[in-house]
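Undergrad: Handing you this structure, nothing more for now.
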Amino acid sequence: MRARYYRLIVTGLTARAPAKLNLQLSVGPPRPDGYHDLATVFHAVSLYDEVTVRPAGRVTVRVEGEGAGEVPAGRGNLAVQAANALRKAAGIKDGAEISIAKRIPVAAGLAGGSADAAATLVACNRLWRAGLGLAELSELAARVGSDVPFSLVGGTAVGLGRGEQLSQALVSGRYHWVLAVADAGLSTADVYAECDRLRAAGLRPAVGDGSAHGGARRSGKRTVSRDLLAALRAGDAAAVGAQLSNDLQPAAVSLRPQLRRTLEAGKEHGALGTIVSGSGPTCGFLARSEEHALGLAASLAGAGVCRQVARVSGPVPGATLTAQSAGRGGAP
Ligand code: C5P
């Protein structure tokens, strides 16, 4: 009997990408293009969205899980934008059915949409055999959103420009965090606008707090704290906690005054550092250890200062393929 051979075709690919915290976020004045120059330290943590892509004639998206109802289902979806950017760049005619399993809260300052876009880029690059390298994917990622390049690479990285110019930071050890997730999200654009408004009203210093830092890496007038980078290199969690800073925090607190109580509660329960994550409203609390994070999470949940708490650790890698399914294609 003659053997028959069949081609195996990929029927689905799954990639996951992590949430991020900003350990430092120094924000400059608005630029002519409406964005703000940043000097930031991104830190990827172990809370992931999972994106599965399957072959299809056109690009569609379906979202399930945490806050799925608030995620745009059409072209406004960052995963759809990422897939379309890749199609265009690589001259791909195929589509993809994109399914997003959300665990990262939406509009929470954790870059959940950017994670979805980054995971989609990695998965579709393989599905369509587009063959783009990390540098090319990062360029596409930056067009989709300021945080998407970091979601691709993960780890702990200094971000300059809009946050898309990245260089990895040397980090020792593992950092244990508790995230306090708020009842409702905040729009990133609204928080930047509130930051500008507070500064114009003289309620905040005119430019970011970069002046407080001994300028290791610069973006315009903003610098990343040398002390923070040294603490990360040394694996000194207490020093990292003392160096956390976020220029958007006053704006997030101004729009959501109850965050003050959340931040206070973290301090009361012994967090090494407390910070609003990015544009908020999620607050991040640095714990002394994994055990301390357990206790801190329980205390914060008990204090009733947020909708939900999550324990995470970092740094973790960026968007990564995690599964592939294949079926029998036609005989060659
Ligand atoms: O780049 P992305 O689309 O994620 O940014 C969302 C919004 O956040 C922008 O439209 C802008 O209002 C604000 N933003 C900013 N400066 C940055 C990044 C974001 O003003 N560096």
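Undergrad: Considering only residues that are over 12 Å from Asp116 (Cα atoms) and at pLDDT 95 or above, look in segment 66-86 and name the one that is farthest from the ligand (Cβ to nearest atom).
TA: Checking each candidate, the answer is Leu86.
Undergrad: Looking only at residues in segment 1-20 that are more than 16 Å from the ligand (Cβ to nearest atom) and surrounded by 15 or more Cβ atoms within 10 Å (Cβ to Cβ), which one is modelled with the lowest pLDDT?
TA: Initially, segment 1-20 is screened for residues more than 16 Å from the ligand (Cβ to nearest atom), giving 1-16, 18.
In the following step, the residues that additionally are surrounded by 15 or more Cβ atoms within 10 Å (Cβ to Cβ) were identified as 10, 12-16, 18.
Numbers: Val10: 82, Gly12: 93, Leu13: 96, Thr14: 98, Ala15: 98, Arg16: 98, Pro18: 98.
If we take residues in segment 1-20 being more than 16 Å from the ligand (Cβ to nearest atom) and surrounded by 15 or more Cβ atoms within 10 Å (Cβ to Cβ), then Val10 is modelled with the lowest pLDDT.
Undergrad: Sticking with this structure for a sec: For segment 307-327, check the following and say yes or no: at least one residue is in a helix (DSSP H, G or I), at negative phi and more than 16 Å from the ligand (Cβ to nearest atom). Even if it seems obvious, please write down each step before you answer.
TA: Keep residues of segment 307-327 that are in a helix (DSSP H, G or I), which gives none.
No - not one qualifying residue is present in segment 307-327.
Undergrad: Across segment 134-155, which residue is farthest from the chain's Cα centre (by Cα) among those that are surrounded by 24 or more Cβ atoms within 10 Å (Cβ to Cβ) and outside any helix (DSSP H, G or I)?
TA: Looking at residues that are surrounded by 24 or more Cβ atoms within 10 Å (Cβ to Cβ) and outside any helix (DSSP H, G or I), I get Gly154.
Undergrad: Look through segment 137-149, keep the residues that are farther than 16 Å from Ser279 by Cα and in contact with a Leu (Cβ under 7 Å, 6 or more places away or on another chain), and return whichever of them is farthest from the ligand (Cβ to nearest atom). Even if it seems obvious, please write down each step before you answer.
TA: So in segment 137-149, the residues farther than 16 Å from Ser279 by Cα come out as 137-144, 149.
If we keep only those that are in contact with a Leu (Cβ under 7 Å, 6 or more places away or on another chain) as well, we get 137-138, 140-141, 144, 149.
Values: Leu137: 16, Ser138: 14, Leu140: 13, Ala141: 11, Val144: 8, Pro149: 10 Å.
Applying the filter and picking the extreme gives Leu137.
Undergrad: Looking only at segment 145-159, decide whether some residue is farther than 21 Å from Leu38 by Cβ, charged (D, E, K, R) and modelled with pLDDT of 95 or more. If you could, list the steps in order and put the result at the bottom.
TA: Quick first cut of segment 145-159, residues farther than 21 Å from Leu38 by Cβ only: none.
The answer is no; no qualifying residue exists.
Undergrad: Turning to a different aspect of this structure: How do the pairs read when you match residues in segment 186-203 that are closer than 12 Å to Pro30 by Cβ with residues anywhere that are away from the ligand (no atom under 13 Å from the Cβ), using Cβ under 6 Å and keeping only pairs 6 or more apart or on different chains?
TA: Once the first residue is closer than 12 Å to Pro30 by Cβ and sits in segment 186-203, its partners that are away from the ligand (no atom under 13 Å from the Cβ) give Arg199/Ala206.
Undergrad: Separate question: Counting only residues that are touching a helix residue (DSSP H, G or I) at 6+ places or on another chain (Cβ under 6 Å), give me the strands (runs of 3 or more DSSP E) lying completely in segment 1-83 with at least 3 of them. Show your work before the answer.
TA: On the way: elements: 8-30, 36-56, 59-65.
By residue number, 8-30, 36-56.
The values are calculated or read from the model by the stated rules, or taken from the named source; none is laboratory data. Since the model is a prediction, treat every value here as computed from it, not as a measurement. Don't worry about glycine lacking a Cβ; one is built from the backbone with ideal geometry, like all the others, and counts go over all protein chains shown.
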